[in-house]
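Data block below; observations after.
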Amino acid sequence: MVSITDLVAEGKAKRLYATENPEEGVIYYRDETFAFHGLKRGRIIGKGEINNLICEYIFTLLSQKGIPNHFIRRIDNRCSLVKRVEIIPVVVKIRNIVAGSLAKRTGYPEGTRLHNTVLEYCLKDAELEDPLLNLTHITAMALATPDEIKLMEEMSLRVNEILIGCLSEIQIELIDFKLEFGRFHGQLLLADEVSPDTCRFWDAKTHEPLDIDRFRRDLGNVEEAYREVLHRLTGNVLRNAEDDAGEV
Ligand code: 5GP
């Protein structure tokens, strides 16, 4: 039994609650959906429940493959228990295929396969729209230590390999994704979430997005795409999520 105490942080897609154990927190996954740094807002019915289950599956897989992360266990449909890390204010983006801001920045056509994996660092600052950083910025601003940067890079590339392997078996192409890391008793842990909110997943045959780009670009069938990812990953078919769309 987990006793929730205070609301610690309210993000765009999640809330973090404190528990009676100061080392542990509860993440509540919301249906609220934001794009373009908050300019576009909406609600994908059932998304919170779906992302909670997808994160449980992915974090469990990553733990089995030796990637230390904050996930402890799922509590119920929308909540999971996690370790309370100190988030490092650097977002890591991994790209296998050109899309999104890389296409915009470089003019390279979306869908172009990259000759090697691209790893980008961004400052975690929503107001500044997460600007790109290079390694000298990170050390100059003491955002992370050189050892932490090395580990974040190694873990991110390994997560990419693991996810590509797992997703290719279910006919999903991993285009790109973002990761966040945190400190926990001197250890670096993968934190935040890994879900269709934070990754670009394309159907391997049709190249149709199965992720938040459906919302960003008004492609329709957003909830269906999230459900499809969950179903392919876990075999889980959720009942109509509208029955469970309540907030805590
Ligand atoms: P891009 O830089 O192309 O916009 O995004 C690269 C990857 O990071 C995509 O999978 C995208 O969904 C994810 N991403 C970028 N910014 C955010 C953000 O502010 N929130 C979330 N949840 N994901 C993001």
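The values are calculated or read from the model by the stated rules, or taken from the named source; none is laboratory data. Being a predicted model, the structure only gives us computed values, none of them experimental. So basically every Cβ, Gly included, is an ideal-geometry build from the backbone, and we count neighbours across all protein chains shown. When the accessible area is computed, the model is the full protein with side chains, heavy atoms only, and any ligands, DNA or RNA have been set aside. Shrake-Rupley method; radii C 1.70, N 1.55, O 1.52, S 1.80 Å.
Looking only at residues in region 68-111 that are open to solvent by less than 40 Å² (accessible area, probe 1.4 Å) and at positive phi, which one is nearest to the ligand (Cβ to nearest atom)? My answer is Gly100. When you scan region 3-13, do you find a residue that is open to solvent by 50 Å² or more (accessible area, probe 1.4 Å), at pLDDT below 95, away from the ligand (no atom under 15 Å from the Cβ) and of a type in the set (Val, Ile, Thr), even just one? Yes - at least one qualifying residue is present in region 3-13. Reported count of residues in region 197-238, each being part of a helix (DSSP H, G or I) and under 26 Å from Arg41 (Cβ atoms), is 13. Out of region 168-196, which residues are open to solvent by 20 Å² or more (accessible area, probe 1.4 Å) and under 29 Å from Ile45 (Cβ atoms)? Those that are open to solvent by 20 Å² or more (accessible area, probe 1.4 Å) and under 29 Å from Ile45 (Cβ atoms): Glu169, Ile170, Gln171, Glu173, Lys178, Asp192.
So is Gly165 surrounded by fewer than 22 Cβ atoms within 10 Å (Cβ to Cβ) and assigned to a helix (DSSP H, G or I) or not? Yes, satisfied. Sort through Leu114, Leu132, Leu128, Leu123 and tell me the only one that's closer than 20 Å to Arg216 by Cα and within 13 Å of the ligand (Cβ to nearest atom). When all the criteria are applied, what remains is Leu128.
For region 168-215, a residue qualifies if it is within 18 Å of Phe71 (Cα to Cα) and more than 16 Å from the chain's Cα centre (by Cα), and the qualifying residues are Arg183, Phe184, His185, Gly186, Gln187, Leu188. Scanning region 126-145 for residues that are exposed (fewer than 12 other Cβ atoms within 10 Å of the Cβ) and either touching a helix residue (DSSP H, G or I) at 6+ places or on another chain (Cβ under 6 Å) or in a loop (DSSP other than H, G, I, E, B) (or both) yields Pro131, Asn134, Ala142. The residues in region 97-128 that are modelled with pLDDT under 95 and not small (Gly, Ala, Ser) can be counted, and the count is 1.
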